[in-house]
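Note sheet for the following structure.
Throughout, read-outs are computed from the coordinates displayed, never taken from laboratory work. Keep in mind the model is a prediction, meaning the values are calculated, not measured. FYI the Cβ positions are ideal-geometry reconstructions off the backbone, even for glycines, and counts take in every protein chain you see.
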Amino acid sequence: MRAWTACIALLAAATLLAGCERPPVDTVQRGYRGTGMELVYNPRTEIRVAEANQAPPVTEPAGSDAGPKARDIYKNVPLLGHLGVAEFTRYMAAITEWVAPEQGCNYCHDPANMGEDSKYTKVVARRMIEMTQHVNADWKPHVAATGVTCYTCHRGKAVPLQVWFKAPPQNNGANFIGDRAGQNSPMQMVGLSSLTYDPYSLYLLGDNPIGVGATTALPTGHVASILHTEQTYGLMMHMSDGLGVNCTYCHNTRNFKTWEGSPPQRTTAWHGIRMARDLNNNYLEPLTKSFPASRLGPLGDVAKVNCATCHQGVYKPLYGAPMAKAYPELLVSASAQAKVADGLPPPTAEALRSVLYFGVGSSTLEGEQAKGLTLLIATLVSRPSAKAAISGYHSASGELSANQQLAKDRAVKVRDSLVAAGVAPNRVLLDKPLQAEANLSGEDPAARRVEVTVK
C-alpha cells in the first residue's frame, strides 16, 4: 500500500513539475540593487532562440551605378527602377532569398511575362517593400538606425511565422454557458493563461487605451474595469514573450504606471505599439482583397503584424544586426526616393485634369506619378459618357523623331493605365505628340509630360 502511495505521489509531483522550467535559470540586473529590476533567462532556451535569430550574409553592392537603369530595361518597375541594372538585380536576389528561397523568382513573377502583375504575391510584395521603407524612414523612434529588411519578419518563409488574425467570437450555443468575455481559452499568445485571447484587435488594430492603473488609492473617476485590466495584461504577456523579456525590461518595479524611473525601452515600446497599429491599418488591411481566400483568417481578414513578427523571441530583431544599412534604398520612403531619384515635379491630380511627368528617355509611369490618375479615373467611372483626351509632350533636347516617338509611347502608357482601371478604350483619345515651348534651349523635366483632360 505504501509503495502505491509513493508511486502516486511521485507521479503527482512529476505532473506538477512538468509545467515548471528546469534549472539553472540566470538573472540579469537592470536597476538598483534591492529594487527587483531583473531579467530572468533560461540558458538552454536562449541557445535555441539564438540559433533562430542569426542574420544571413549580406551581398556587397554592385559598385558603380553607371549604365542603363532598371526601369529602362525591364517593364513595370515602379519601385527601385531608378537603380542600375546590376544593383537592382542585387536587391531582387536578396529579397527572393529573404522571402521565397525555395520558390524563387516565380513566387511573385509570371515566367512568361515578368512585367505582369497577374500574381497577387507581386502586388503584395511591392506594397511590403513600401512598408519596409516606411518603417525605416518614418518610425526611427522605434527602429533607430538599425532598420529592418524583409528578412526581419520572413526569415526565409513566404509567410512570416508570427502573424495574427482576428479571433472568432465565442459560440454561445443556446446561451447556457454564459459570456466568457474572450477568456478561458488558453492561448500561447497570453502565456496559456485565462487572459483575453485576442488583445491584438484591441490595441494593434484598434486604439483602445492601454493604461489601467489609477493615480489614487480610492476611486476618483477611474473607470478601467477588471476586464479592461486583463485585456491590457494579455497584450503585456504577448510583448514579454515576443521579446523574450519580463516586465522589468520596460517598467519600473516600484510603480508600473509612472514613467519616472522606467527604462528607456518603455519609450521604444510605446512607439512600437503605434507602429504596429499603423502598419496593420494602412498597409496590411487595405490588401485584404488582393489575397485569395486560402490566405485569409477564419473571419476573412488578412494576416497582421504584432511585436513577435519582427522580434521572434529576442529583445532586438536578429539581436540588432544592422542588415538594412547594406540596402540603403530600403531606408528611404518611396515618395522621398522618387523625388530624389528623378527630380520630377509632383503630378497634377485633379478630377478633370491630370499631368504626369516622366524620366529622361523613359516611358515608365512609376512612383508618385502613377498615383496622379486616381481622381480622374473616379470621374470617368462616375460619368460613363465622358471621354479622356491624352496629349504627350517632349522636350526640345535631343533628336526630334526619337522624342516624338517617346512622347507617343508615354501617352500610350497612360492610355493603358486608364483601360486597366476599367475605362473603355473607345473613351480614350490620343492626340498628336507636341513639343513643349518652355526651355527650348535644353533639357526641361517639366516638358517630359502627358496631360489628360476629361471632355
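Students often get this wrong, so check it: of K140/K166; K75/K166; K69/K455, which have C-alpha atoms separated by over 30 Å?
Violating the 30 Å limit, Cα to Cα: K75/K166; K69/K455.
Tell me the Kirkwood hydrodynamic radius of the range 83-133 in angstroms, computed as one over the mean inverse distance between distinct C-alpha pairs.
The Cα-based Kirkwood calculation yields 11.5 Å.
Stretch N106-N281 to full length: gain in nm at 0.36 nm per residue minus the Cα-Cα span?
Between N106 and N281, full extension yields 60.1 nm more.
Using only Cα atoms, figure out Rg for the range 343-454 and give it as a multiple of 2.2 N^0.38 Å.
After normalising by residue count via 2.2 N^0.38 Å, the value is 1.02.
Counting pairs on different chains as well as pairs 8 or more places apart, how many Lys pairs in the range 343-454 have Cα atoms under 18 Å apart?
Qualifying lysine pairs in the range 343-454: 5.
What fraction of the DSSP beta bridges in the range 343-454 is antiparallel, stated in percent and rounded to the nearest 5?
In the range 343-454, DSSP labels about 70 percent of beta bridges as antiparallel.
Can you give the extra length, in nm with one decimal, that the chain gains between T288 and L227 once fully stretched, where that is 0.36 nm per residue apart less the Cα-Cα distance?
18.9 nm
Hey, with R₀ at 22 Å, roughly what FRET efficiency would R353 and L430 work out to, going by the Cβ-Cβ distance, to 0.05?
After rounding, the FRET efficiency stands at 0.85.
Which FRET efficiency value, to the nearest 0.05, is calculated for R254 and R48 with the Förster distance at 35 angstrom and r the Cβ-Cβ distance?
Rounded to the nearest 0.05, the efficiency is 0.55.
Classify the range 201-276: rounded, prolate or oblate, from the alpha-carbon gyration tensor (a ≥ b ≥ c, eigenvalue square roots; a/c under 1.5 rounded; otherwise prolate if a/b is larger than b/c)?
In terms of gyration-tensor shape, oblate.
Pull out a ≥ b ≥ c, the square roots of the eigenvalues of the alpha-carbon gyration tensor of the range 54-142, then state rounded if a/c is under 1.5, prolate if not and a/b is larger than b/c, and oblate in the remaining case.
Rounded is the answer for the range 54-142, as its axis ratio a/c remains below 1.5.
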